[in-house]
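Here's the structure we're looking at; comments come further down.
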Amino acid sequence: MSKTIKPLRSLFIGFLCAALLFLPVPKASAASMVEYALLLVAVLLLAASAQDADLPPGSQVVINQLDLSVEGARAANLVGNRAAELSRLSKAIGAAEALMGMTSACGECGDLRNTLQQIIGHAALLKTSAVGASGTCQPNGIIQPNEQCDPLAIPTGCPVNTTALTYCSDDCLCELAFIP
C-alpha cells in the first residue's frame, strides 16, 4: 500500500509546488497601502471636526458608514478581492457626497468640505487604480483637458459660487450639493 501512496504523494507535492510557482497570488501594492493610510487619516480628521460642526442629526450615521466603507475597502485590498474593494470604495464616495450635501447648509463647514473633497479624491484615485486607467477621469491633482475638475487638485476647478455649493465628483465633474 505504501508503494502506491509514495509516488502519488510525490506527484501531489510536485503539482502543488508548480501551482505555487506559476499561479499569480494577489498582493496589495505598497502604493495603495499609502493611499489607504491617507484616506483613513482624512476620515479620522473628518470625524473629529464633524463633532464641532452644525450638521444634521443623521450625519454621524453617514460618517460611521464612510469609516466602515473605507476600512472594508482596505481589508478587501489586502486580500486581493477587487470586487469588494470597488464596491466599498463606491459606497465611501457615496457617503462622502452625502455628507457634502449635509454641509451645504452649514456656514462654518469650509474645513469639513475640504476634508470631504480630499476623501472623494483619494477614494477616486484608489478606485481608478483598482479598475485600471479611466478614459475620462484621472484624479492626480492636475485638471486634464477631458476633465471639468480634479478631486485632488487645490482648488478643484469647480466654480466658487456663493449661492450654491459645488464639489468635484469622482467622475471629475462639478456637482451641486443640494441643501437638505
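Annotations for the structure displayed:
- Proxy reagent accessibility, fewest Cβ within 10 Å first, across Cys174, Cys109: Cys174, Cys109
- The Cβ shell under 14 Å around Val62 holds other residues with a net charge of -1, Lys and Arg each +1, Asp and Glu each -1.
- Listing Cys158, Cys137 from fewest to most neighbouring C-beta atoms within 10 Å gives Cys158, Cys137.
Where a number appears in this text, it was derived from the coordinates with a stated rule and is not lab data. Just so it is clear, the model here is predicted, and its values are computed rather than measured. Using ideal geometry, Cβ is built from the backbone for each residue, glycine included, and neighbour counts are taken over all protein chains shown.
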